[in-house]
Amino acid sequence: MEEKAKSYGEALSKLIQVETVSASNYSGLKKFHAFHAVLKECFPLLFSVCEAEDFSGSLMLRWQGSNAKDKPPVMFMNHHDVVEADGIDWLYPPFSGTIADGKVWGRGTLDTKGGLWTMLQAAEELISEGFMPTRDIYFVSTCT
């Protein structure tokens, strides 16, 4: 169990290390696309079975269900951007993804990226066990 927790922490750390600050004066999408690339690396099974669409840096995955015509879809939502937080003294750099004291440190660990990682990791593990949903499942993660 301890080894699995370590690998989970390392995977979340990878997500934290991608700077995804949404700023009112920034309209570039390069950092959000870089984040999508890390998601594809961390969740290869999920991306192999899902249709993926990019909407201006936001991402939607559709995991097609076996009986989707008869059952309404389910949507899990989150966001992968974080707000600016200048002037704060950080114990560890905000996008380092440092693992220390049994924690992953960085911007988005408890809210945005942590929640997104949890949803996608659960789906990744279900796919590895052969699970197939009966209804369509959507994972949506937005930015700016």
Legend entry - Of 14/103; 40/71; 4/103, those spanning more than 19 Å from alpha-carbon to alpha-carbon: 40/71
Inset, instruction - Report the relative contact order of region 2-142, percent, no decimals, based on alpha-carbon pairs under 8 angstrom and at least 6 residues apart. - result: 38
Legend entry - region 1-60: relative contact order as a whole-number percent, Cα under 8 Å and 6+ apart: 29
Inset, instruction - If a/c stays under 1.5 just call it rounded; otherwise compare a/b with b/c (prolate if a/b is bigger, oblate if not). Do that for region 20-96, with a ≥ b ≥ c from the square roots of the Cα gyration tensor eigenvalues. - result: prolate
Legend entry - Sites excluded, chymotrypsin sites (Phe, Trp or Tyr not before Pro) in DSSP loops with at most 16 other C-beta within 10 Å, longest stretch of the chain: 27-89
Inset, instruction - Report the full-extension gain for the segment residue 68 to residue 131: residue separation times 0.36 nm, less the Cα-Cα distance, to one decimal in nm. - result: 21.2 nm
Inset, instruction - Determine Rg/Rh for region 13-144; Rg is computed over alpha-carbon atoms and Rh is the Kirkwood hydrodynamic estimate from the same atoms. - result: 1.01
Legend entry - Per-residue Cβ neighbour rank within 10 angstrom, fewest leading, 69, 6, 40, 113: 69, 6, 40, 113
Legend entry - Estimated [θ] at 222 nm from DSSP helical runs (n ≥ 4, -39500 (n - 2.57)) normalised by residues in the chain, nearest 500: -11000 deg cm²/dmol
Inset, instruction - Give me 107, 62 ranked fewest to most by other Cβ atoms within 10 Å of their Cβ, as a rough exposure proxy. - result: 62, 107
Inset, instruction - Can you tell me how much longer the chain between residue 144 and residue 7 gets when fully stretched, taken as 0.36 nm per residue apart minus their C-alpha distance, in nm with one decimal? - result: 46.4 nm
Inset, instruction - Count charges around residue 138 for me, please; just the other residues with Cβ under 14 Å from its Cβ, Lys/Arg as +1, Asp/Glu as -1. - result: 0
Legend entry - DSSP-defined antiparallel bridges as percent of all bridges, the chain, nearest 5: 60
Legend entry - Residue among 91, 64, 18 farthest towards the positive dipole end of region 1-116, charges placed on Cβ: 64
Legend entry - Cβ charges +1 (Lys, Arg) and -1 (Asp, Glu), total dipole of the chain, debye: 260
Inset, instruction - Express as a percent, rounded to the nearest 5, the fraction of DSSP beta bridges in region 65-144 (both residues included) that run antiparallel. - result: 25
Legend entry - Efficiency of FRET between residue 111 and residue 56 - r from beta-carbon atoms, R0 22 angstrom, step 0.05: 0.55
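Any read-out appearing in this document is the output of simple, stated calculations on the displayed coordinates, not a laboratory observation. Please read these numbers as outputs of a predicted model, since none were measured by experiment. Note that we place each Cβ from the backbone using ideal geometry, even for glycine, and neighbour counts take in every protein chain shown.
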